[in-house]
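> One structure is given below, represented as structure tokens, and several questions about it will come after.
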Amino acid sequence: MNTLILQEPGRLEFTQTDQPGEPGPGEAAVRVHHVGICGTDIHAYGGNQPFFEYPRILGHELGVEVTAVGEGVTNVKAGDKCAVEPYLYCGECAACVRGKTNCCGNITVLGVHGDGGMREHFVLPASTLHPSAKLPLESLALVETLGIGKHAVSRARLEAGDTVAVIGLGPIGLTAIQFALLDGAKVVGIDLSEKRLATAKQLYPEIETLSLNTEVPLEEQWEATLGELPRAVFDATGNRHSMQAAFKLPGQGGTLVFIGLLMGDISFDDPSFHRKELTLMGSRNSTAQDFREIIEHMEAGRIDVAPWITHRTTAQELPGIFEDWLKPEAAMLKGVVSF
């Protein structure tokens, strides 16, 4: 079967591998139709993805069709079109018992800690499949991306009318904007890139945008142009300078949620943190409940992911054009690979 393998940093190979076996109890066999390109895939290709080993089959943003199910499977059947929840959790650790399967202590993420979906067929736990009778497979491949923003916004417990800031307007920042708007918040998107600011405004005309001035503290820019500081701030940059500066942006009693991941330490001014009585949160992955709610939103027409997809190709063509996709001038928002 057709398979893409990242053999080493910078070397993505289109090759043939063996078909998987039949699904066992609790498992499902799937035919992969579409795979979204994620920042994790890009970091792995560049050789700077933590906790990563080569060779690896990438791919965790998946739109698949069920081809067979094993004994005891009742949530899906052959022919179902599904999004895949790519977080394989143990179900037994303290986090799983509390329902926080997204941060299971023994988690394996498809395409990161284990082989993913850049192959025509594979077998996985049926519990990771979320079917939709209405959505196209290409749209289902983007449910996982939306889940990152959905989970982060859910953590902040927004109320209608809250003003929120989203810092970093790549795909993950845009997902946070999407769900903050669905919660009835007033959203301000913040970025250094005028191109990303323009894209965010095009996708979500109702938001305001703020172009960062690196010479002026972010909170001063906000107060000078927008007035009262926001109730919640979502930082999707993974950048140390941005994340440290973000501590000063929430208003009194506000919340700061880190969606982006930094491999290192972050420091902040403790008196300022206490004076505002801020709530600091991390947000990792998403849950089955997030997937179900996202699919409901998409089926009801409240979320349209079609404008997000700026690049498309086939598995066989990807190795020859992937470098071009990564160039700034390509302006890739979301790339999708078809198998």
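Bear in mind that the values in this text are calculations on the coordinates, not laboratory data. Every value quoted in this text rests on a predicted model; they were computed, and no experiment measured them. All Cβ positions, even for glycine, are placed from backbone atoms using ideal geometry, and neighbour counts span all protein chains on display.
> Can you run phi through the Karplus equation (6.51, -1.76, 1.60; θ = phi - 60°) for the range 133-144 and list ³J(HN,Hα) in whole Hz, with x for Gly and Pro?
Rounded to whole hertz, the list is 8, 10, 8, x, 4, 5, 5, 4, 5, 9, 4, 4.
> Under 5 Å between amide hydrogens, which residues at least 5 positions from His121 or on another chain qualify, with H placed 1.01 Å from N in the peptide plane?
Val32
> First select every other residue whose beta carbon is under 11 angstrom from the beta carbon of His130; then total the charges, Lys and Arg +1, Asp and Glu -1.
On the way: positive: Lys81, Arg292; negative: Asp80, Glu85, Glu144, Asp290, Glu293, Glu296.
Once all neighbours under 11 Å are counted, the net charge is -4.
> Please work out the ratio of the alpha-carbon Rg of the range 175-270 to 2.2 N^0.38 Å and round it to two decimals. All intermediate terms of the calculation are to be shown ahead of the outcome.
On the way: Rg = 13.1 Å, N = 96, 2.2 N^0.38 = 12.5 Å.
Ratio of Rg to 2.2 N^0.38 Å for the range 175-270: 1.05.
> Taking the 0 to 90 degree range and rounding to the nearest ten, how far is the long axis of helix 171-182 tilted relative to the main principal axis of the chain, both from C-alpha atoms?
For 171-182 against the chain, the angle is about 70 degrees.
> Something else about it: Taking 0.36 nm per intervening residue step and subtracting the Cα-Cα distance, what contour gain separates Lys195 from Cys93 on full extension? Before the final figure, lay out the partial values.
Details: separation 102, 0.36 × 102 = 36.72 nm, distance 4.33 nm.
Extending this stretch completely gives an extra 32.4 nm.
> Determine the dipole magnitude for the range 22-77: charges of +1 sit on the beta-carbon of Lys and Arg, -1 on that of Asp and Glu, nothing else is charged, the reference point is the Cα centre, and the result goes in debye to the nearest 20. Write down the numbers at each step before the final one.
On the way: 3 positive and 7 negative charges, 21 e Å.
It works out to roughly 100 debye.
> Next question. Once amide H atoms are placed 1.01 Å from N in the peptide plane, what residues at a sequence separation of 5 or more from Thr209, or on another chain, have their amide H within under 5 Å of its amide H?
The answer is Gly189.
> State to the nearest 20 debye the size of the charge dipole of the range 72-130 about its Cα centre, where the only charges are +1 on K and R beta carbons and -1 on D and E beta carbons.
Numbers: 5 positive and 5 negative charges, 30 e Å.
Taking the Cα centre of the range 72-130 as origin, the dipole is about 140 debye.
> What pairs from Lys150/Lys186; Lys201/Lys276; Lys134/Lys201; Lys195/Lys327; Lys150/Lys334 go past 20 Å between their alpha carbons? Let's see the in-between values first.
Numbers: Lys150/Lys186 16 Å; Lys201/Lys276 30 Å; Lys134/Lys201 28 Å; Lys195/Lys327 14 Å; Lys150/Lys334 17 Å.
Result: Lys201/Lys276; Lys134/Lys201 exceed 20 Å.
> Which of Ser139, Pro55, Cys104 sits farthest toward the positive end of the charge dipole of the range 46-185, with +1 on the Cβ of Lys and Arg and -1 on the Cβ of Asp and Glu?
Going by the Cα projections, it comes out as Cys104.
> Can I ask one more? Report the net charge of residues surrounding Asp18, where surrounding means a beta-carbon distance below 12 angstrom and charges are Lys +1, Arg +1, Asp -1, Glu -1. The partial results should precede the final answer.
Details: positive: Arg119; negative: Glu120.
Cβ neighbours under 12 Å give a net charge of 0.
> Met1 label point, 7 Å along Cα→Cβ, cut-off 17 Å on backbone N: hits in the range 45-70?
Output list for this probe position: 56-70.
> Which one of Val305, Gln178, Phe247 is farthest out on the positive end of the charge dipole of the range 151-307, using unit charges on Cβ (Lys, Arg +1; Asp, Glu -1) and the Cα centre as origin?
It is Val305, whose Cα lies furthest towards the positive end.
> Using a Förster radius of 35 Å, what is the FRET efficiency between Gln19 and Arg302 based on their Cβ-Cβ separation? Nearest 0.05, please. It would help to have the intermediate numbers written out before the result.
On the way: r = 39 Å, r/R0 = 1.10.
The computed FRET efficiency comes out at 0.35.
> Restricting to DSSP loop positions (anything but H, G, I, E, B) with no more than 12 other Cβ atoms inside 10 Å of their own Cβ, which chymotrypsin sites (Phe, Trp or Tyr not before Pro) remain in the range 1-55?
Working: sites: Phe14, Tyr45, Phe51, Phe52; in loops: Phe51, Phe52.
Here the chymotrypsin sites (Phe, Trp or Tyr not before Pro) that fit, given the DSSP loop and packing criteria, are Phe51.
> Loop-only check: which GluC sites (Glu not before Pro) in the range 12-93 are DSSP coil with at most 14 other Cβ within 10 angstrom?
Numbers: sites: Glu13, Glu27, Glu53, Glu61, Glu65, Glu71, Glu92; in loops: Glu53, Glu71, Glu92.
For GluC sites (Glu not before Pro) across the range 12-93 that sit outside H, G, I, E and B with at most 14 neighbouring Cβ atoms in 10 Å, the list reads Glu53, Glu71, Glu92.
> Rounded to the nearest 20 Debye, what is the dipole magnitude of the chain about its Cα centre when Lys and Arg each give +1 and Asp and Glu each give -1 at the C-beta? Walk me through the numbers on the way to the answer.
Working: 27 positive and 43 negative charges, 69 e Å.
So the magnitude is around 340 debye.
> Here is a further query. What does the extension gain come out to for Thr74 and Glu8, with contour length at 0.36 nm per residue minus their alpha carbon separation? It would help to have the intermediate numbers written out before the result.
Working: separation 66, 0.36 × 66 = 23.76 nm, distance 3.90 nm.
So the chain would gain 19.9 nm between Thr74 and Glu8.
> Residue by residue, what Karplus-based ³J(HN,Hα) values in Hz, rounded to whole numbers, does the range 260-268 have, using 6.51, -1.76 and 1.60 with θ = phi - 60° and x for Gly and Pro?
Taking θ as phi minus 60°, the curve returns x, 10, 10, 8, x, 9, 10, 10, 8 Hz for the range 260-268.
> Further question: Calculated FRET efficiency, Gln202 and Asn239, Cβ-Cβ r, R0 25 Å, to nearest 0.05?
Numbers: r = 24 Å, r/R0 = 0.95.
That gives a FRET efficiency of 0.60.
> Shifting gears a bit: Kindly rank 284-292, 103-111 from highest to lowest mean number of other beta carbons found within 10 Å of each residue. Before the final figure, lay out each step's value.
Values: 284-292: 19.8, 103-111: 17.7.
The packing order, highest mean first, is 284-292, 103-111.
> Tell me which of Pro230, Leu88, Val188 sits at the most positive position along the dipole axis of the range 88-239, charges placed on C-beta atoms (Lys, Arg +1; Asp, Glu -1).
In the range 88-239, that residue is Leu88.
> Counting helices only, and only those DSSP H runs with n ≥ 4, report the 222 nm mean residue ellipticity of the chain as the sum of -39,500 (n - 2.57) divided by its residues, in deg cm²/dmol to the nearest 500.
On the way: 11 runs with 92 residues, N = 339.
-7500 deg cm²/dmol, from helical runs alone.
> Now for a separate question. Please compute the net charge surrounding Gln7, taking Lys and Arg as +1 and Asp and Glu as -1 over other residues with Cβ under 9 Å from its Cβ. Intermediate values should be presented prior to the final figure.
On the way: positive: Arg11, Arg56; negative: Glu8, Glu13.
Residues near Gln7 contribute 0 overall.
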